[in-house]
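In what follows, a structure is listed as structure tokens, so that the remarks can point back to it.
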Amino acid sequence: MRVAALDSQAAAHPAVARGAAVLCDLLMKKGMSRYHVGIPWTTLQWPPFDYSLVSTLDSLARLGYTLDHPRVAEATDYLLSRQLADGSWPLDQTSSRPPFDPGLPGKPSKWVTLEALKALKALVDA
């Protein structure tokens, strides 16, 4: 979905719209982890090799979803609730072999913060 959202020609394909609708419907569902190998929606990770709340919100915004959609609003509220007092977001988990140093789990992350801010901006601009 991420690649399709970044390419306007691919994003226009009807299959992408159907896939985005399914993904949006599954967003923040408590049983979501049974559909994927990996982490639940509420884990902030970098790099986002698995599915990721932040990259999903960014992709859905690029595909026209807004804060008016209940699942998008719920996910955005959750993301905002995770923001630290200094304005950053923490790194909860990293992939087993990231290509560079993503920071330490439990600490503020410049990478998660950058992606969170990009996703929030995309939602506001949608």
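The values are calculated or read from the model by the stated rules, or taken from the named source; none is laboratory data. Everything quoted here is computed from the prediction, not taken from an experiment. Note: ideal-geometry Cβ built from the backbone for every residue, glycine included; neighbour counts use all protein chains shown.
Taking segment 80-126 as the region of interest, how many residues are within 11 Å of Pro47 (Cβ to Cβ) and of a type in the set (A, V, I, L, M, F, W, C)?
The number of residues fulfilling the criteria is 4.
Under the condition of being of a type outside the set (A, V, I, L, M, F, W, C) and free of Cβ contacts under 8 Å to residues at least 40 places away in the same chain, which residue from segment 68-80 is nearest to Lys107 (Cα to Cα)?
Asp77
Filter segment 67-108 for residues that are at pLDDT below 95 and among the hydroxyl-bearing types (Ser, Thr, Tyr) and give the result.
Residues satisfying the conditions are Tyr78, Thr94, Ser95, Ser96.
Please find, within segment 82-126, the residue that is surrounded by the most Cβ atoms within 10 Å (Cβ to Cβ) out of those that are more than 15 Å from Pro48 (Cα to Cα), charged (D, E, K, R) and under 14 Å from the mean Cα position of the chain (by Cα).
Arg82
Condition check: of a type in the set (A, V, I, L, M, F, W, C) and in contact with a Ser or Thr (Cβ under 7 Å, 6 or more places away or on another chain). Does Leu67 satisfy that?
Spelling it out, Leu67 is indeed of a type in the set (A, V, I, L, M, F, W, C) and in contact with a Ser or Thr (Cβ under 7 Å, 6 or more places away or on another chain).
Quick one: in segment 81-125, which of the residues that are of a type in the set (Gly, Ala, Ser) and in contact (Cβ under 8 Å) with a residue 40 or more places away in the chain is farthest from Thr56 (Cα to Cα)?
For segment 81-125, the residue satisfying everything is Gly103.
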